[in-house]
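The values are calculated or read from the model by the stated rules, or taken from the named source; none is laboratory data. Quick caveat, the model's predicted, so the values are computed rather than measured. Positions of Cβ are backbone-derived with ideal geometry, glycine not excepted, and every protein chain shown enters the neighbour counts.
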Amino acid sequence: MTGDHQPIVWRVQSATKSSRIAAIAAAIIVPLLFLVPAVASRNLLQDLIFVFTMLALAQLWNVLAGWGGLISVGQQAFVGLGAYALFAGVTLIGLDPLLAIPLAGCLAALVAAVLGPLMFRLEGPYFAIGSWVVAEALRLGCAQFKPLGGGTGMSLSSAALADMTGTKAVAALFEIRPAAARDVIVYWIALLLVLGITFAIYLFVRSRLGLGLAASRDNNAAARSVGVRTDRIRYWLWVIVAFVTGMVGALVYLQKARISPDAAFSVVDWTAYVLFVVVIGGVRTIEGPVIGVLVLWALQFNLSGYGSLYLLMLGLIAILVMLFMQRGIWGSAAARWDLQFFAIRKLLIRDEQ
Amino acid sequence: MIGGIDTLLEGMLLGGVYALFAVGLSLIFGIMRLVNLAHGDIIVLGAYLILTAMAAVGVSLGVATLLTVVAMFLAGFALQRLVLERVLGEDILPPLLVTFGLSIVLQNGLLLIFGADSRRLQAGAFEATSINLAPGLSIGLAPLIALLTAIVVVALLQLLFYRTLLGRAFRATADNPEIAQLMGIDQRNIYAFAVGLSLAVSAIAAVTFGIRSNFDPSIGPARLLYAFEAVIIGGLGSLWGTLAGGIVLGLAQTIGGRIDPEWQILSGHLAFLIVLILRPHGLFPAGRR
């Protein structure tokens with residue numbers, strides 16, 4: 001050791017230039033999104049509700065599969081349960097729909113909590129089909145539930161929805177009909193949910209728990225040896241994701257106001273589209289699903305009239321992306337230009353003093 | 001009494017078909033740890049190929065099945081070499097996503113070509129023939145042959161795995177691909193052969209299934225779930241267990257359906273969940289060999 005050397009200081013840094021720019025942009029865009037109902041047509045509003053709820057489901061699936069390693073193709077189970085819980089709460093008990101939404105989440109979480117230990121007995125990829133079996137069993141179970149329309153389903157009467165909290169105030173504020181006012185409220189909740197989910201995932205991934213999960217995904221034995229309780233983190237992740245997925249399902253069906261077992265537990269609507277969004281955007285990135293959902297919206301807008309040809313194309317695109325661009329659009333762009341809107345990496349920076 | 005025996009027989013015969021669904025799925029999983037989410041749609045594809053061969057080329061059911069088995073083997077080989085091989089690895093997510101995409105592509109492709117109408121394979125007089133076991137108790141020849149086919153297929157695969165060089169290569173690769181490769185086994189060909197074999201068995205499953213019930217492009221995922229349930233009920237890693245698992249599933253569905261027709265499918269799912277609770281390793285898990 002000679003005295004000439006400067007001491008070297010290392011520090012951990014997360015924020016990057018692009019993440020700071022993104023934070024500023026978000027601070028401007030997010031308030032504007034809340035004001036959209038003042039100017040948007042009802043059609044655009046409904047489109048945006050689709051975008052937000054799809055994005056919410058995609059983020060939830062991404063954290064579950066991408067970070068948690070729990071690859072489920074049965075998340076429609078919790079969308080459907082949430083939707084059915086909402087209809088049960090509103091039509092059978094006479095609850096305010098807004099109150100029924102968190103309760104729907106609770107029911108989904110409860111079912112997930114009970115079935116979780118059972119599902120976790122299935123090894124890796126078999127967990128995927130197991131979750132699908134559960135979704136099918138719940139679909140068939142709901143089809144047997146005659147008070148909610150059995151196999152054919154039912155509609156929410158406008159009388160049951162008329163007393164929903166805030167409808168009258170919003171109708172008066174924007175001078176619109178109650179049905180349109182309900183869409184505005186659903187829009188706001190969807191926006192709140194998707195922002196909350198995204199921010200929560202950002203915090204989770206940066207947290208000790210998120211790091212633990214990432215570590216156990218990369219090397220389970222090594223992670224356990226340093227004390228990461230993988231199984232427990234995964235279990236709670238599974239339950240919490242089910243809770244939020246249930247709420248999203250309830251919200252979606254509050255807007256649709258019509259339910260059937262086949263629609264509420266549809267593997268195409270609530271899993272295939274969601275997987276498409278994540279794959280196109282980039283698995284294990286928070287920004288990816290945002291890109292993915294915009295791609296899906298554009299395709300849906302232009303091509304959904306083609307029916308099965310449209311779905312065929314979505315499937316083909318997803319396969320090609322997995323084969324030739326496994327990191328998705330965002331993942332590839334981020335790698336090329338070193339972009340990062342959500343600062344989830346920890347960089348070791350060397351300061352020379 | 002007769003009704004009860006009739007239900008049991010019918011359930012067992014149905015189980016033969018489910019076992020054939022299941023064998024193809026567990027074959028790939030056992031050798032390469034890959035779960036093919038398009039497995040059900042591949043079976044449906046097989047049924048449509050047989051149908052097309054009979055209608056367009058005008059061959060008999062037997063010849064059409066033989067052609068389809070060969071075609072599906074080649075398709076499976078190509079599927080592994082051109083597609084799945086690129087995504088197989090430590091991470092189990094990419095292959096699952098690719099096969100899920102394939103499932104969507106197959107379903108909608110079949111829908112575009114054949115439409116949503118229900119179809120059935122015509123087996124001629126054979127279809128309606130039944131054997132009288134006792135007064136009031138008879139079993140259809142076609143379902144009986146389906147169960148016998150399942151038994152023969154399982155027996156042949158068992159021979160292939162434990163009595164041939166190829167089978168030894170399969171087992172070695174399943175145990176440890178790296179070391180198998182060091183011993184001169186070409187892992188790429190072994191995997192491609194396994195997927196080909198799985199699809200060939202799926203074509204056999206397709207003919208037994210297409211004769212006994214209607215099919216349309218949308219029913220693939222349900223076949224995947226039945227196959228999976230049979231595998232888990234039977235226990236991983238045992239072909240005879242898978243056959244037994246298929247029979248248990250067939251029995252559960254048939255008995256449930258006798259109680260209330262709407263409960264048929266749900267009973268199968270419930271049987272699966274009960275086995276998962278009580279015997280997580282299945283009813284007949286493979287012991288240490």
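So the check is Cβ under 8 Å with 6+ separation or different chains; which pairs have a first residue in segment B:269-285 that's assigned to a helix (DSSP H, G or I) and a second one that's basic (Lys, Arg)?
B:LEU276/A:ARG121
Do we have B:GLY30 as of a type outside the set (D, E, K, R) and within 20 Å of B:LEU121 (Cβ to Cβ) here?
Numbers: of a type outside the set (D, E, K, R): yes; within 20 Å of B:LEU121 (Cβ to Cβ): no.
Here the answer is no, as B:GLY30 does not meet what is asked.
Mind counting the residues in segment B:199-238 that are modelled with pLDDT of 95 or more, farther than 21 Å from B:VAL105 by Cβ and not in a helix (DSSP H, G or I)?
0
Within segment B:108-141, track down each residue that is more than 8 Å from chain A (Cβ to nearest Cβ) and among the polar types (S, T, N, Q).
Going residue by residue through segment B:108-141, those that are more than 8 Å from chain A (Cβ to nearest Cβ) are B:110, B:113-141.
Selection gives B:SER118, B:GLN122, B:THR129, B:SER130, B:ASN132, B:SER138.
Can you tell me which residue within segment B:208-247, out of those that are touching a Leu at 6+ places or on another chain (Cβ under 7 Å) and among the β-branched types (Val, Ile, Thr), is surrounded by the fewest Cβ atoms within 10 Å (Cβ to Cβ)?
Ranking the qualifying residues of segment B:208-247, first place goes to B:ILE211.
Can you tell me which residue among B:VAL69, B:VAL59 is hydrophobic (A, V, I, L, M, F, W, C) and part of a loop (DSSP other than H, G, I, E, B)? Step through it out loud before you land on a result.
Working: B:VAL69 fails: part of a loop (DSSP other than H, G, I, E, B).
Selected residue: B:VAL59, the only one of B:VAL69, B:VAL59 that is hydrophobic (A, V, I, L, M, F, W, C) and part of a loop (DSSP other than H, G, I, E, B).
Would you call B:GLY58 more than 13 Å from chain A (Cβ to nearest Cβ) and surrounded by 20 or more Cβ atoms within 10 Å (Cβ to Cβ)?
Judged against the criteria, B:GLY58 is not a match.
Can you list residue pairs whose Cβ atoms sit under 7 Å apart, with the first residue in segment A:1-29 being modelled with pLDDT of 70 or more and the second being polar (S, T, N, Q) and surrounded by 10 or more Cβ atoms within 10 Å (Cβ to Cβ)? Count only pairs 6 or more apart in sequence or on different chains.
Here the result reads A:THR16/A:GLN340; A:SER18/A:GLN340; A:SER19/A:GLN340, each pair linking segment A:1-29 to a residue that is polar (S, T, N, Q) and surrounded by 10 or more Cβ atoms within 10 Å (Cβ to Cβ).
From (1) away from every other protein chain (no Cβ under 14 Å); (2) surrounded by 16 or more Cβ atoms within 10 Å (Cβ to Cβ), pick out the condition that doesn't hold for A:SER72.
(1)
For segment B:248-280, enumerate the residues that are buried (at least 24 other Cβ atoms within 10 Å of the Cβ) and over 19 Å from A:PRO125 (Cα atoms). Talk me through it step by step, then tell me what you get.
The initial filter retains those residues of segment B:248-280 that are buried (at least 24 other Cβ atoms within 10 Å of the Cβ), namely B:248-250, B:252-253, B:268-269, B:272.
Those that are buried (at least 24 other Cβ atoms within 10 Å of the Cβ) and over 19 Å from A:PRO125 (Cα atoms): B:VAL248, B:LEU249, B:GLY250, B:ALA252, B:GLN253, B:GLY268.
Let's see how each residue does on (1) closer than 19 Å to A:THR271 by Cα; (2) assigned to a loop (DSSP other than H, G, I, E, B); (3) more than 11 Å from every other protein chain (Cβ to nearest Cβ):
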position: A:PRO117; (1), (2), (3): no, no, no
position: A:LEU122; (1), (2), (3): no, yes, no
position: A:VAL133; (1), (2), (3): yes, no, no
position: A:ALA137; (1), (2), (3): yes, no, no
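For (1) within 24 Å of A:PHE34 (Cβ to Cβ); (2) crowded, with 16+ Cβ neighbours inside 10 Å; (3) out of contact with any helix residue (DSSP H, G or I) (no Cβ under 9 Å at 6 or more places or on another chain), each residue gets a yes or a no:
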| residue | (1), (2), (3) |
| --- | --- |
| A:GLY149 | no, yes, no |
| A:LYS168 | yes, no, no |
| A:THR230 | no, yes, no |
| A:TYR235 | no, yes, no |
| A:ALA250 | yes, yes, no |
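Here are A:GLY130, A:GLY166, A:GLY151, A:GLY116: which of them is touching a residue at least 12 places away in the same chain (Cβ under 8 Å) and on the phi > 0 side of the Ramachandran plot? Walk me through it before giving the result.
Numbers: A:GLY130 fails: on the phi > 0 side of the Ramachandran plot; A:GLY151 fails: on the phi > 0 side of the Ramachandran plot; A:GLY116 fails: on the phi > 0 side of the Ramachandran plot.
Checking each option against the conditions leaves just A:GLY166.
Yes or no, residue by residue, for (1) at negative phi; (2) within 12 Å of chain A (Cβ to nearest Cβ); (3) in contact with a strand residue (DSSP E or B) (Cβ under 8 Å, 6 or more places away or on another chain):
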{"position": "B:GLN181", "(1), (2), (3)": "yes, no, no"}
{"position": "B:GLY184", "(1), (2), (3)": "no, no, no"}
{"position": "B:ILE190", "(1), (2), (3)": "yes, no, no"}
{"position": "B:PHE193", "(1), (2), (3)": "yes, no, no"}
{"position": "B:PHE215", "(1), (2), (3)": "yes, no, yes"}
{"position": "B:PHE228", "(1), (2), (3)": "yes, yes, no"}
{"position": "B:VAL231", "(1), (2), (3)": "yes, yes, no"}
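Looking at segment B:240-249, is at least one residue touching a strand residue (DSSP E or B) at 6+ places or on another chain (Cβ under 9 Å), assigned to a helix (DSSP H, G or I) and at negative phi?
Keep residues of segment B:240-249 that are touching a strand residue (DSSP E or B) at 6+ places or on another chain (Cβ under 9 Å), which gives none.
Within segment B:240-249, not a single residue is touching a strand residue (DSSP E or B) at 6+ places or on another chain (Cβ under 9 Å), assigned to a helix (DSSP H, G or I) and at negative phi.
Surrounded by fewer than 18 Cβ atoms within 10 Å (Cβ to Cβ) and among the hydrophobic types (A, V, I, L, M, F, W, C), is that true of B:LEU110? Before you say what the answer is, go through the steps one by one.
On the way: surrounded by fewer than 18 Cβ atoms within 10 Å (Cβ to Cβ): no; among the hydrophobic types (A, V, I, L, M, F, W, C): yes.
Against the criterion (surrounded by fewer than 18 Cβ atoms within 10 Å (Cβ to Cβ) and among the hydrophobic types (A, V, I, L, M, F, W, C)), B:LEU110 does not qualify.
Tell me which of these B:LEU133 doesn't satisfy, since it passes every other one: (1) within 23 Å of the chain's Cα centre (by Cα); (2) assigned to a strand (DSSP E or B).
Against the list (1) within 23 Å of the chain's Cα centre (by Cα); (2) assigned to a strand (DSSP E or B), B:LEU133 comes up short only on (1).
Looking at A:PHE265, A:PHE204, which one is out of contact with any Pro (no Cβ under 9 Å at 6 or more places or on another chain), in contact (Cβ under 8 Å) with a residue 40 or more places away in the chain and crowded, with 23+ Cβ neighbours inside 10 Å? Quick ask: steps written out before the conclusion?
Numbers: A:PHE204 fails: crowded, with 23+ Cβ neighbours inside 10 Å.
Result of the check over A:PHE265, A:PHE204: A:PHE265.
Does segment A:59-79 contain at least one residue that is farther than 30 Å from A:ALA215 by Cα and part of a helix (DSSP H, G or I)?
Of all residues in segment A:59-79, those farther than 30 Å from A:ALA215 by Cα come to none.
There is no residue in segment A:59-79 that is farther than 30 Å from A:ALA215 by Cα and part of a helix (DSSP H, G or I).
Kindly provide the set of residues from segment A:286-320 that are within 9 Å of chain B (Cβ to nearest Cβ) and buried (at least 22 other Cβ atoms within 10 Å of the Cβ), ordered by number.
Correct list: A:LEU311, A:LEU314, A:GLY315, A:ALA318.
With the requirement that a residue be closer than 17 Å to A:PHE204 by Cβ and either in contact with a Lys or Arg (Cβ under 6 Å, 6 or more places away or on another chain) or small (Gly, Ala, Ser) (or both), what does segment A:240-265 give you?
A:ALA242
Residues being at pLDDT below 90, farther than 15 Å from B:LEU112 by Cα and in a helix (DSSP H, G or I): count how many of those fall in segment A:301-327.
3
Across segment A:272-285, which residue is farthest from A:ALA333 (Cα to Cα) among those that are in contact with a helix residue (DSSP H, G or I) (Cβ under 6 Å, 6 or more places away or on another chain) and surrounded by fewer than 24 Cβ atoms within 10 Å (Cβ to Cβ)?
Start the filter on segment A:272-285 by keeping residues that are in contact with a helix residue (DSSP H, G or I) (Cβ under 6 Å, 6 or more places away or on another chain), which leaves A:272, A:274, A:276-285.
Still in the list and also surrounded by fewer than 24 Cβ atoms within 10 Å (Cβ to Cβ): A:272, A:284.
Numbers: A:ALA272: 24, A:ARG284: 14 Å.
The extreme case among them is A:ALA272.
Inside segment B:88-106, can you point out the residues that are more than 8 Å from chain A (Cβ to nearest Cβ) and either over 23 Å from B:TYR191 (Cα atoms) or out of contact with any helix residue (DSSP H, G or I) (no Cβ under 6 Å at 6 or more places or on another chain) (or both)?
Of everything in segment B:88-106, those that are more than 8 Å from chain A (Cβ to nearest Cβ) and either over 23 Å from B:TYR191 (Cα atoms) or out of contact with any helix residue (DSSP H, G or I) (no Cβ under 6 Å at 6 or more places or on another chain) (or both) turn out to be B:GLY89, B:GLU90, B:ASP91, B:THR99.
Can you find, within segment B:178-195, the residue that is surrounded by the fewest Cβ atoms within 10 Å (Cβ to Cβ) among those that are out of contact with any Leu (no Cβ under 7 Å at 6 or more places or on another chain) and touching a residue at least 24 places away in the same chain (Cβ under 8 Å)? Break it down into steps so the answer makes sense when it comes.
Restricting attention to segment B:178-195, the residues satisfying the condition of being out of contact with any Leu (no Cβ under 7 Å at 6 or more places or on another chain) are B:178-193.
Then drop every residue that is not touching a residue at least 24 places away in the same chain (Cβ under 8 Å), which leaves B:188, B:190-193.
Working: B:ARG188: 12, B:ILE190: 21, B:TYR191: 23, B:ALA192: 20, B:PHE193: 20.
For segment B:178-195, the residue satisfying everything is B:ARG188.
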